[in-house]
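The values are calculated or read from the model by the stated rules, or taken from the named source; none is laboratory data. All of these numbers come straight from a predicted model, not from anything done at the bench. We place every Cβ from the backbone using ideal geometry, glycine too, and count neighbours over all the protein chains shown. All accessible areas refer to the heavy atoms of the entire protein, side chains included, with ligands and DNA or RNA removed. Shrake-Rupley method; radii C 1.70, N 1.55, O 1.52, S 1.80 Å.
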Amino acid sequence: MFRWGKRLRRLLFALSMLVCWFPLTSNAADKFPGLGRPATVAEVAAWDIDVRPDFKGLPAGSGSVAKGQEIWDARCANCHGTFGESNEIFTPIVGGTTKQDIERGRVASLTDPKQPQRTTMMKVATLSSLFDYIYRAMPWNEPRSLTVNETYAVLAHLLNMAEVVPDDFVLSDKTMASVQARMPNRFGMTKSHGLANMRGKPDVHGTACMKDCAEFVQIGSRLPDYARNAHNNLAEQNRGWGPFRGVNTTVAPLAALSASRSVAQGQPSSVVVSDDSVSPAPTGKILYAKHHCAACHGLTNKLVGPSFREVAKRYKGKPEVNAVLEQKIKLGGAGAWGNIPMPPHATIEASDIASLVSWILEGKF
Amino acid sequence: MIHNTPRISAAPENFVPADLISAVTAHGIDDSRRIFLRSSFAAALLGGAVLSGRAKAAEGEAAILEKQPWQTALGKPVAATPYGVPSTFEANLQRRESPGLTRVSAASVAFTPLQGLFGIITPSGLHFERHHQGWVDIDPAQHRLMINGLVKQPKIFTMDDLLRLPSVSRIHFIECGANTGLEWGNVAVPTVQYTHGMLSCCEFTGVPLSILLDECGADLKKGKYVLAEGGDGSGMTRTIPMENALDDVFVAWAMNGEMLRPENGYPLRLVVPGVQGVSWVKWLRRIEVGDMPYASKDEAVHYIDLMPDGLHRQYTSIQECKSVITTPSGGQQLHATGFYNVSGMAWSGRGKIKRVDVSFDGGNQWRTARLESPILNKAVTRFNIDWVWDGSPAILQSRAIDSTGYVQPPIRTLRAVRGSRSIYHNNAIQSWQVGTNGEVSNVQVG
C-alpha cells in the first residue's frame, strides 16, 4: 500500500510538471519533452503574412491609384522605371498585355516568339501573388517597409499602368476579387503535367538505343565566334595543370593539336591566380556589396547610376568633393548625371559612406 | 633496384613536331611518316634539345634530378590557416556569374565549377549560389522556426531545440529548376560551369519535417500542402506537397559536416530531395500547413514553364533524370591524343541512377559507363568510361537512366513537347564536340 502510494504520488507529480510546463500542447504530440514552445497569437500574426489565391490572409486596408503613383515615383521607379518598363535592374513589370487579354484572361503575346521580354503582368495569373510579394519584399533594398495601405496603393498604380484598373480606382481587400477577374493572364496556368509531385508521369521520353541510333549527326547549334571570349578567358576558369585545361579564349583557336606547346611535367605551372582569391577584397568593395550600391552602380559599366569609374574620372584631383559626395549619398538626389535620382541612404553609418567615397574616388577597380 | 635502361616518356607533344601531328591527324600515318615518327622519338631519347632545358635528357627530368624548394626548406606550421583553404594552384576553380545573365548580383546566380570537381560531393565553398535579395548571415541565437496553420498547436523552435531532436544525415543533389535553362533555344554558354553549374550535391544533417509536424499536431486530412518561408529580406515562400513533406523532406542545419554556409541558408534551410533548388528555402523561419497551394511570386511569375500554346505549367518541381560529362567538357583543351578517363555526373529527382551510356560520335553508337559507388537515392552518381582519342573529331554525350526506367531525352525530343521557351527543367542530353585541334566546345546535335 505504502509503496504504491509513493509511486502514484511521484507519477502524479511528474504529470503535473508536464502539464504546467506545456499547458497548451495537450493536443499535439509531445514525444520530445522540453523542446519547442507554443507560439503566441501575436507572434503568429507578426510572421504569418502570406496571402493565398483565395485571398485568405489578405489584411484589411485600401489605397488609391493616385496615392500609389506617389509611392511608385518615390520608392519604386528608380529601379523599375517610371512606367514599370525598365529592364535595367530586373525584367520589366508592365507591358505586353492588351485589352483583349483582359477580356479573355489569356495573354496573346506569350505565343509570339518575337515578344522581347516576358513581363510580370504578362505572366502572373493571381493578384494575391503581387500583393503578397510587394508587401513582403519590396522595395528590394528596404523590404518590409511598406504599410498595408501603401501596398494596396502601389499595387493599384501598377495595375493602372497595365490598364487593368482605371485612374480613379481604389484597391482594397473588398475590391481585390473584382480585379482578379480582370487579370490579363488569369487563365494562363496549367497544373496538368507530371512535374508537380513524385507520382507524376513524365511527358518526354528518351530511348535507350545502343547501336546505329542516328542515321546522320548534324550540329544544330554552336557558340558563334564572337562569343568565344564572352565569358572571359576560359583558361583561367579551368585547373591550370592536368589533362583538362581551359582554352585560351583571348586568342584564336589552335590550328592543330598543340604539339609545340609544352604542357609536360617539369614546366612552370600555367595556373592563373586571380587576385580576388588570395588577398582580401578592399574594404570599399565589401561595403559596396554590403550596402547594395551594386544594385545601381557597376564598377566599370553604367546601370541606373553612373559607373564608379566614371565618377572617379569626373572628380579626379578635386579633394574637396569628398564631403559633397558623402552628403549626396546620405540624402540622395538627381541632376549630376541625369534625371534619375539616387535614393537616400539614411541608415548607413557616416564612416562607411566616407570609406565608400574615398574608395570610389581612388578609382582602382 | 632497377637495372633496365630507363625510358623517359614526357607528354608526346614535347617531342613530336606540330606539323607532323597535323599531317598525321589529317592523313593518317603512312610508312614514311611512321619512320619519321620513330626517329623523332629516338632523337628525344638520345638527348635531343626538346626536353626541359635544365635536364639532360639522357639523365632524366629536372623534376626528379634537381632538388625542389618544397623539399629543401621547412614547411609551414600547423594552423597557419586555421580554417583551411585550397592550394593556390586550384585558384581558377571558383563560383562565377555568367556575364549578362542577370542585371544585379544580389538577384543572381554564381555557378559551381563542375569541370574541376571529382566524385559526388560539392565542396561547401563551391556550392552554387542563387539569391533573390542578397544573402545574410543570421545570428543562430536569434533565429526561430515557427510552425503554424492547420496544426493543433502552433509552435516555436529555437536552434537549441532543433539540435536536440533526432537528426538524419543524407546526401542529396540540389539543382536549380533553371539549370541549363539558357540552352533551351540554342547553345548560349561555353562551359559546363554555365550549362550545368546550378547543381551541387552535399551531405545534409537535420531533423525530418514529419517529426516537427507531428509535434505540432498537423492536420494531415485537410493539410495537403506546407508553405516554407525564409527569414531574409526576400521572405522566399514555396509550396511543398504534404506527400513530400512527410516522406523525405528535412530541416537542415549542417552541410558537409559543418554548419551551413550563410550563402546556403545558415543556420537553417529546407532539404527537399529531388525537387528544384528554389523549394529548399534558405534561412528557413516558418512552415505553414494549408489546404491549397500558395501561388507565391516564385510560383506565379517565375519557376513556371512556358509551353508552346502560351500556357505556363505551374508548380513544376521535380528534377527529372539528367547527366553530363564534366571532363572533357566545353571550353577545355586536349593537348594530346591517347587514353582519357571520361568522367561525369548523373542524377534523378525520382530515384537512383541505374545506368549511364556514353557516345563518342554524337549519339550513333553508345557504350555503358562504369557507375562509381555510392549510388544513392536523389543524389549525384559519378560515372567513368575509358576513351582512346585518335585525334579525329568526336562528339561526346552521356545519357542516364534512373530506377523508374526513365531515359534522359535528347534536346530535340524535349523541344517537340515543350517548345524552346520554357526556361525551366531542361534535362536534355549534353553534347561536347572535340575538334581535331583538341578544343572542346558546346554544341547541340539535331
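Looking across the stretch B:362-402 at every residue that is in contact with a Leu (Cβ under 7 Å, 6 or more places away or on another chain) and more than 9 Å from chain A (Cβ to nearest Cβ), the one that is surrounded by the fewest Cβ atoms within 10 Å (Cβ to Cβ) is identified as B:Trp389. Return a yes/no flag: does the stretch B:413-421 have any residue that is within 7 Å of chain A (Cβ to nearest Cβ), open to solvent by less than 40 Å² (accessible area, probe 1.4 Å) and aliphatic (A, V, I, L, M). Scanning the stretch B:413-421, I find at least one residue that is within 7 Å of chain A (Cβ to nearest Cβ), open to solvent by less than 40 Å² (accessible area, probe 1.4 Å) and aliphatic (A, V, I, L, M), so the answer is yes. Per the conditions (1) more than 7 Å from every other protein chain (Cβ to nearest Cβ); (2) among the polar types (S, T, N, Q); (3) under 13 Å from the mean Cα position of the chain (by Cα); (4) farther than 30 Å from B:Thr158 by Cβ, the sole criterion not satisfied by B:Thr72 is (3). Scanning the stretch B:357-372 for residues that are outside any loop (DSSP other than H, G, I, E, B) and charged (D, E, K, R) gives B:Asp357, B:Asp361, B:Arg367, B:Arg370.
Candidates are the residues of the stretch A:190-238 that are at the interface with chain B (Cβ under 7 Å from one of its Cβ atoms) and charged (D, E, K, R); the one that is surrounded by the most Cβ atoms within 10 Å (Cβ to Cβ) is A:Glu236.
For the condition assigned by TED's automatic domain parsing to the domain that holds B:Val189 and modelled with pLDDT of 95 or more, what is the one hit in B:Pro374, B:Pro308, B:Pro328?
Just one listed residue meets the conditions, B:Pro308.
Could we say that B:Gly235 is crowded, with 23+ Cβ neighbours inside 10 Å, out of contact with any Lys or Arg (no Cβ under 6 Å at 6 or more places or on another chain) and modelled with pLDDT of 95 or more here?
Details: crowded, with 23+ Cβ neighbours inside 10 Å: yes; out of contact with any Lys or Arg (no Cβ under 6 Å at 6 or more places or on another chain): no; modelled with pLDDT of 95 or more: yes.
Considered against the rule, which asks whether it is crowded, with 23+ Cβ neighbours inside 10 Å, out of contact with any Lys or Arg (no Cβ under 6 Å at 6 or more places or on another chain) and modelled with pLDDT of 95 or more, B:Gly235 comes out as no.
In the stretch B:412-430 there is no residue that is under 28 Å from A:Ala235 (Cβ atoms) and outside any loop (DSSP other than H, G, I, E, B).
Looking across the stretch A:138-153, the residues that are more than 21 Å from B:His132 (Cα to Cα) and surrounded by 24 or more Cβ atoms within 10 Å (Cβ to Cβ) come down to A:Tyr152, A:Ala153.
If only residues of the stretch B:302-317 that are within 7 Å of chain A (Cβ to nearest Cβ) and of a type in the set (Ser, Thr, Tyr) are counted, the one that is surrounded by the most Cβ atoms within 10 Å (Cβ to Cβ) is B:Ser317.
So, in the stretch B:318-332, how many residues would count as being more than 7 Å from chain A (Cβ to nearest Cβ) and assigned to a loop (DSSP other than H, G, I, E, B)?
Taking the stretch B:318-332 as the starting set, the residues that turn out to be more than 7 Å from chain A (Cβ to nearest Cβ) are B:319, B:321-326, B:329-330.
From what's left, assigned to a loop (DSSP other than H, G, I, E, B): B:319, B:321, B:329-330.
Count: 4.
Taking only the stretch B:287-301 into account, find how many residues are of a type in the set (Val, Ile, Thr) and either more than 7 Å from every other protein chain (Cβ to nearest Cβ) or not in a loop (DSSP other than H, G, I, E, B) (or both). Before the answer, list the steps.
Residues of the stretch B:287-301 of a type in the set (Val, Ile, Thr): B:287, B:289, B:301.
Filter once more, so that each one left must be either more than 7 Å from every other protein chain (Cβ to nearest Cβ) or not in a loop (DSSP other than H, G, I, E, B) (or both): B:287, B:289.
So the count comes out to 2.
For the stretch B:430-446, the tally of residues that are more than 7 Å from chain A (Cβ to nearest Cβ) and surrounded by 22 or more Cβ atoms within 10 Å (Cβ to Cβ) stands at 5. If only residues of the stretch B:83-118 that are among the basic types (Lys, Arg) and facing chain A (nearest Cβ under 7 Å) are counted, the one that is farthest from A:Leu299 (Cα to Cα) is B:Arg96.
Among the residues of the stretch A:239-262, is there at least one that is in a loop (DSSP other than H, G, I, E, B), open to solvent by less than 40 Å² (accessible area, probe 1.4 Å), within 8 Å of chain B (Cβ to nearest Cβ) and closer than 30 Å to B:Ser279 by Cα? There is no residue in the stretch A:239-262 that is in a loop (DSSP other than H, G, I, E, B), open to solvent by less than 40 Å² (accessible area, probe 1.4 Å), within 8 Å of chain B (Cβ to nearest Cβ) and closer than 30 Å to B:Ser279 by Cα. Count of the stretch A:25-62 residues, restricted to those that are more than 27 Å from B:Gly290 (Cβ to Cβ) and open to solvent by less than 70 Å² (accessible area, probe 1.4 Å), is 1.
Residues in the stretch B:187-222 that are assigned to a loop (DSSP other than H, G, I, E, B), open to solvent by 10 Å² or more (accessible area, probe 1.4 Å) and among the aliphatic types (A, V, I, L, M) were compared, and the one that is nearest to B:Leu93 (Cα to Cα) is B:Met198.
Can you confirm whether B:Pro154 is open to solvent by 10 Å² or more (accessible area, probe 1.4 Å), under 14 Å from B:Arg286 (Cβ atoms) and in contact with a helix residue (DSSP H, G or I) (Cβ under 6 Å, 6 or more places away or on another chain)? Yes, satisfied.
Being assigned to a loop (DSSP other than H, G, I, E, B) and closer than 27 Å to A:Cys76 by Cβ, is that true of even one residue in the stretch A:312-329? Scanning the stretch A:312-329, I find no residue that is assigned to a loop (DSSP other than H, G, I, E, B) and closer than 27 Å to A:Cys76 by Cβ, so the answer is no.
Which members of the stretch B:86-111 meet the condition of being among the polar types (S, T, N, Q) and open to solvent by 20 Å² or more (accessible area, probe 1.4 Å)?
B:Ser87, B:Thr88, B:Gln94, B:Thr102, B:Ser105
Scanning the stretch B:104-158 for residues that are free of Cβ contacts under 8 Å to residues at least 24 places away in the same chain and part of a strand (DSSP E or B) yields a total of 4.
Got at least one residue in the stretch A:32-52 being at the interface with chain B (Cβ under 7 Å from one of its Cβ atoms), under 25 Å from the mean Cα position of the chain (by Cα) and without any contact (Cβ under 8 Å) to a residue 24 or more places away in the chain? Checking the stretch A:32-52: at least one residue is at the interface with chain B (Cβ under 7 Å from one of its Cβ atoms), under 25 Å from the mean Cα position of the chain (by Cα) and without any contact (Cβ under 8 Å) to a residue 24 or more places away in the chain.
Somewhere in the stretch B:373-382, is a residue within 28 Å of A:Leu234 (Cβ to Cβ) and in a strand (DSSP E or B)? Give the steps one after another, and end with the answer.
So the first thing to find is which residues in the stretch B:373-382 are within 28 Å of A:Leu234 (Cβ to Cβ), and the list is B:380-382.
Subset that is in a strand (DSSP E or B): B:381-382.
Yes: one or more hits.
Selection of the stretch A:104-122 for residues being open to solvent by less than 10 Å² (accessible area, probe 1.4 Å) and either facing chain B (nearest Cβ under 9 Å) or of a type in the set (D, E, K, R) (or both) yields A:Val107, A:Leu110. Tell me, yes or no, whether the stretch A:311-322 has at least one residue that is open to solvent by 90 Å² or more (accessible area, probe 1.4 Å) and aliphatic (A, V, I, L, M). So far as the stretch A:311-322 goes, no, none of its residues is open to solvent by 90 Å² or more (accessible area, probe 1.4 Å) and aliphatic (A, V, I, L, M). All but one of (1) more than 8 Å from chain B (Cβ to nearest Cβ); (2) over 27 Å from the mean Cα position of the chain (by Cα) hold for A:Met176; state the number of the condition that does not hold. Going through (1) more than 8 Å from chain B (Cβ to nearest Cβ); (2) over 27 Å from the mean Cα position of the chain (by Cα) one by one, A:Met176 breaks only (2).
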